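This report refers to the structure that appears directly beneath it.
Every number in this text was worked out from the coordinates using simple rules, so none of it is lab data. As the structure is a computational prediction, the values presented were derived from the model and not from experiment. Cβ sites come from the backbone with ideal geometry, for glycine too, and all protein chains shown count toward neighbours.
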Amino acid sequence: MKKLIIIFSLLLVMPLSQAAVEVKPFKNPEYEQRYKNLINEFRCVVCQNQNIADSNAALAKDLRKQVFNMINAGKSDEEIMMFMVTRYGDFVLYRPQFNSMTFFLWVGPFIIFVVGLYFLINFIRRRKEVVATELSKKEKEIIKKLLDEKEQKQ
């Protein structure tokens with residue numbers, strides 16, 4: 001029984017021990033903070049919903065290495081971002097720059113909101129415009145007759 005518990009424990013711990021931890025030697029703490037900020041800003045082109053800091057894809061590892069090397073080479077954040085955008089397009093940025101290519105990405109949600117608000121207001125106005133029509137004498141008699149029958153049954 002004791003051997004079974006040890007084997008089960010090892011099976012639970014083994015996947016955790018295989019997780020890769022990247023240790024990078026930075027020249028100063030400022031570079032390390034810049035590195036952390038930048039790798040959180042870039043989207044993994046392979047994973048698409050993760051930043052390169054969280055992704056284990058081979059491309060993300062290469063991009064982290066590239067950012068590390070560029071920071072240690074003295075490149076500015078803007079230069080690193082321009083390199084990534086030039087190489088992978090605006091998609092690599094979680095917050096792409098506002099330009100003619102990303103215009104609808106930034107303005108699209110507001111346009112959709114305004115159009116939806118317009119249709120909602122028109123829908124509400126049309127519902128208020130419904131006019132109650134007067135019942136004819138014959139319809140009133142039918143209703144009265146039905147109500148009388150209901151009272152007699154009770």
Checklist outcome for this item: HN-Hα couplings for region 77-90 via Karplus (6.51, -1.76, 1.60; θ = phi - 60°), in whole Hz with x for Gly/Pro, come out as 4, 5, 5, 5, 5, 5, 4, 5, 5, 4, 7, 10, x, 5
Item to check | Thr102-Arg127 FRET efficiency (beta carbon distance; Förster radius 35 Å; 0.05 resolution) | outcome: 0.35
Checklist entry - Which FRET efficiency value, to the nearest 0.05, is calculated for Ser136 and Val115 with the Förster distance at 35 angstrom and r the Cβ-Cβ distance? => result 0.25
Item to check | Estimated inter-spin distance, Glu30 and Ala73, nm [label 7 Å along Cα→Cβ] | outcome: 2.0 nm
Checklist entry - Going by how many other beta carbons lie within 10 Å of each one, how would you line up Tyr118, Tyr88, fewest first? => result Tyr118, Tyr88
Item to check | Rounded, prolate or oblate (a/c below 1.5 giving rounded, otherwise prolate when a/b exceeds b/c) for region 95-154 by Cα gyration tensor | outcome: prolate
